[in-house]
1. For segment 5-27, check the following and say yes or no: at least one residue is among the hydroxyl-bearing types (Ser, Thr, Tyr), in contact with a strand residue (DSSP E or B) (Cβ under 7 Å, 6 or more places away or on another chain), surrounded by fewer than 13 Cβ atoms within 10 Å (Cβ to Cβ) and touching a residue at least 40 places away in the same chain (Cβ under 8 Å).
2. Output the qualifying pairs, or none if there are none: Cβ atoms under 6 angstrom, residues six or more apart or on different chains, first residue in segment 29-43 and β-branched (Val, Ile, Thr), second residue part of a strand (DSSP E or B).
3. Report yes if some residue within segment 80-90 is surrounded by 13 or more Cβ atoms within 10 Å (Cβ to Cβ), in contact (Cβ under 8 Å) with a residue 12 or more places away in the chain, among the basic types (Lys, Arg) and in contact with a strand residue (DSSP E or B) (Cβ under 7 Å, 6 or more places away or on another chain); otherwise report no.
Amino acid sequence: MRRVRITRRRIPLDRSDAYHAAWRDLRGLAGDRGVRAWLFRRAGRDDWFVEFLEWSGAPLLDRGPVHDALAALDELAPGRTEECEEVETTE
């Protein structure tokens, strides 16, 4: 089963360099564990971001290096997060 974690967060402009560095760290750690990571910015806004993490299998973001990297992002700027599971449909 595929899962996706979506986080929306506002990053104060004076913290944007630290945020981008923390995101690069997270993306590298996640990629090493088979987690795909994307970062989008809200159109027309330099301070609103949407983060996507996608992986298959059991939840793996509740401990370890990826969890710690996510916690570092939350320390910079708390976000609103939801986790979704893939829905398999039959025809």
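1. no
2. Once the first residue is β-branched (Val, Ile, Thr) and sits in segment 29-43, its partners that are part of a strand (DSSP E or B) give 35/53; 35/55.
3. no
Yes/no per residue for (1) small (Gly, Ala, Ser); (2) on the phi < 0 side of the Ramachandran plot; (3) not in a helix (DSSP H, G or I):
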| position | (1), (2), (3) |
| --- | --- |
| 20 | no, yes, no |
| 23 | no, yes, no |
| 28 | yes, yes, no |
| 31 | yes, yes, no |
| 38 | no, yes, yes |
| 51 | no, yes, yes |
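No value in this document is a laboratory result; all are computed from the given coordinates. These numbers come from a predicted model, not from an experiment. Note that each Cβ is placed from the backbone with ideal geometry, even for glycine, and that neighbours are counted across all protein chains shown.
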